Amino acid sequence: MMKLWGMLLVFIAFNYADDSLLSLDRYHTHEEMISFLKNFTKMHSNLTRLYSIGESFEGRELLVLRISGGDDLLLRPNLKLVGNIHGNEAVGREVLLHFIEYLVTEYNKGNKRVRRLLDYAHVHILPSMNPDGFACALRDNVVDDHDSEPGIHPPGHCMARDGRANSLGKDLNRNFPDYFRKVRPELQNETLAVMRWLDDFPFVLSAALHGGSLVANYPFDNSKYDSSLSKEPNLTEDDDVFKHLALVYARKHPTMHKGKACPNNYAKDTFPKGIVNGAEWYPLTGSMQDYNYVVHGCMEITLEISCCKFPEPEELQSSWDQNREPLLAFLEESRRGVRGFVMDENGIPLPNATIRILGRETFPFYSTPKGEFWRILLAGTYLFQVEAQGFDNRRITVIVNEPKQAEWEWPRVVNVTLYRTGSTRTTQVITSSETSTESMRNIRGSASSWESESLQHANKSSAVTLMFSKLLLVLVVLFSL
């Protein structure tokens, strides 16, 4: 009987133990990060896929981990999170590594929010865009004697000395082609890798994690005027969406929404509600978030998630605790707006169709090679204009409803049919909770069927392996009693 009780207690202990492969008491080197990503992918191969988008100047691989559950159906949006674009802003890098582990672990535990997110969307995470800069910062970030007072970090340590730029001294968040300034920068390896990445995936929602302040920053970053001294807001036509996205993150963060200045900030910047327009804060040319929006129609914001760029390792746990829920809530905003197909009168998908929303048409977006499109929009009525070569332009009215929190409703499909020049056209009015083409329901599946399939196909292989290991340990303890 004692042996049975011992076996039961050990089994319970191992079954509920923290299976984390990462510690939160130190920074991880590039080699440790790569090892973690590869091992984690092997353990959870049915939920994750690891791929490279290129290399840094010094040859360090830029690895992205994609996480998604359920079946690989059409109309699943691609979301992304990017860390460490400035090598000496290291908190976001560690937070994203732990967020990878959190999403997969919670999915396997049956967390409904995480399941609904990962069964709907593909989440791509690039923990470190500037691994060369981080290696420099990790090597040179020596704490001065006067940095020892708890909770207070003089600029010498808190702002981190080296590693902001890449190995060639280029600030990667000033290195993207800019809509407002036509001077083309010398594009760096890391920048080119991200640009190719954006060409390969039709990203819908994105956030870049920075450090040195506490604020959610939204486009545009650059000023309309050719002056770095101007601090006037420069707002996009999707300003309502960007402000909403920034507020979602700030309000979920325990302190960001208060908008108070960081103690180490020379300028003593304060931010009402914890958000700010980039150009109003300080204009900059060549930012990644502006490029995402202008060229690819991706809604990206910049998240400053820690007052210190490179804080003491013991502060990492607090940073993780503060940013876990805001990150999840931010990604859940992908359920807003519309998604759908552009097709011809025979139901054949039309790739690269141009889609404009009247009133915000300066920067159009495009259908994928499979005819898919997505757009995050707040509740309201919108007039879409869709164009494709060889077809008449089509205008449709789309009514977007506010997602119902209790039902965790995802955007329904809005299918747009284009007719070849001379064909008969009809007026189309669609709400975001309706589908215009019955046959497409079979392609996309219903939300309830996705959830049912995900429950049946959840990480079986990794779960079996983990259970076998735990039972083996139980047997060892049993025979030792």
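The values are calculated or read from the model by the stated rules, or taken from the named source; none is laboratory data. Fair warning: this is a prediction, and the values are worked out from it, not measured in the lab. Side chains included, ligands, DNA and RNA excluded: accessible areas come from the protein's heavy atoms. Shrake-Rupley method; radii C 1.70, N 1.55, O 1.52, S 1.80 Å.
With N set to the residue count of region 233-392, report its C-alpha Rg divided by 2.2 N^0.38 Å to two decimal places. Don't skip to the answer; put the middle values down first.
Values: Rg = 19.1 Å, N = 160, 2.2 N^0.38 = 15.1 Å.
Scaled against compact globular proteins, the figure is 1.26.
With 19 Å as the cut-off, how large is the P(r) tail for region 173-237, expressed as percent of Cα-Cα pairs? Before the final figure, lay out the partial values.
Working: 1005 of 2080 pairs.
It works out to 48 percent of all Cα pairs.
Long-range amide H contacts for Asp344: which residues qualify at under 5 Å (H placed 1.01 Å from N, peptide plane, sequence gap of 5 or more or a different chain)?
Leu350, Leu418
When you take every Cα atom in region 234-329, what is the radius of gyration, and what is Dmax, the widest Cα pair distance, in Å?
Just the Cα atoms of region 234-329 yield Rg and Dmax of 14.1, 42 Å.
Please tell me the relative contact order of region 328-397 in percent, rounded to the nearest whole number, where contacts are Cα pairs under 8 Å and at least six residues apart. Walk me through the numbers on the way to the answer.
Numbers: 119 pairs, mean separation 22.4, N = 70.
After rounding, I find 32 percent.
For region 295-301, what does the Karplus curve 6.51 cos²θ - 1.76 cosθ + 1.60, with θ = phi - 60°, yield as ³J(HN,Hα) per residue in whole Hz, taken in order and with x for Gly and Pro?
8, 10, x, 8, 7, 10, 10
List the residues whose amide H sits under 5 Å from the amide H of Val414, counting only those 5 or more places along or on another chain, with H placed 1.01 Å from N in the peptide plane.
Arg339, Gly340, Phe341
Along region 55-68, what does the Karplus equation 6.51 cos²θ - 1.76 cosθ + 1.60 (θ = phi - 60°) give for ³J(HN,Hα), rounded to whole Hz, x for Gly and Pro?
Along region 55-68, the couplings run 10, 6, 4, 8, x, 7, 6, 9, 9, 10, 9, 9, 10, 6 Hz.
Tell me the relative contact order for region 177-321 as a rounded percent, counting alpha carbon contacts under 8 Å between residues six or more apart.
Values: 261 pairs, mean separation 56.0, N = 145.
This gives 39 percent for region 177-321.
Using amide H atoms built in the peptide plane, which far-off residues or other-chain residues are under 5 Å from Leu75 H to H?
Answer set, sorted by chain and number: none.
So what are the ³J(HN,Hα) numbers for region 31-42, from phi and the Karplus equation (6.51, -1.76, 1.60; θ = phi - 60°), rounded to whole Hz, Gly and Pro as x?
5, 5, 5, 4, 4, 4, 4, 5, 5, 5, 5, 5
Heavy atoms only, probe 1.4 angstrom, no DNA, RNA or ligands counted: give me His257, His86 ranked by accessible area, highest first.
Details: His257 75, His86 5 Å².
Per-residue accessible area, sorted high to low, gives His257, His86.
Please compute the alpha carbon radius of gyration of region 76-142, then divide it by the globular-protein estimate 2.2 N^0.38 Å. Two decimals is fine. Present the calculation step by step, with values, prior to reporting the outcome.
Details: Rg = 14.5 Å, N = 67, 2.2 N^0.38 = 10.9 Å.
Relative to the 2.2 N^0.38 Å estimate, region 76-142 comes out at 1.33.
Could you work out the relative contact order of region 46-145, using alpha carbon pairs under 8 angstrom and six or more residues apart, expressed as a whole percent?
39 percent
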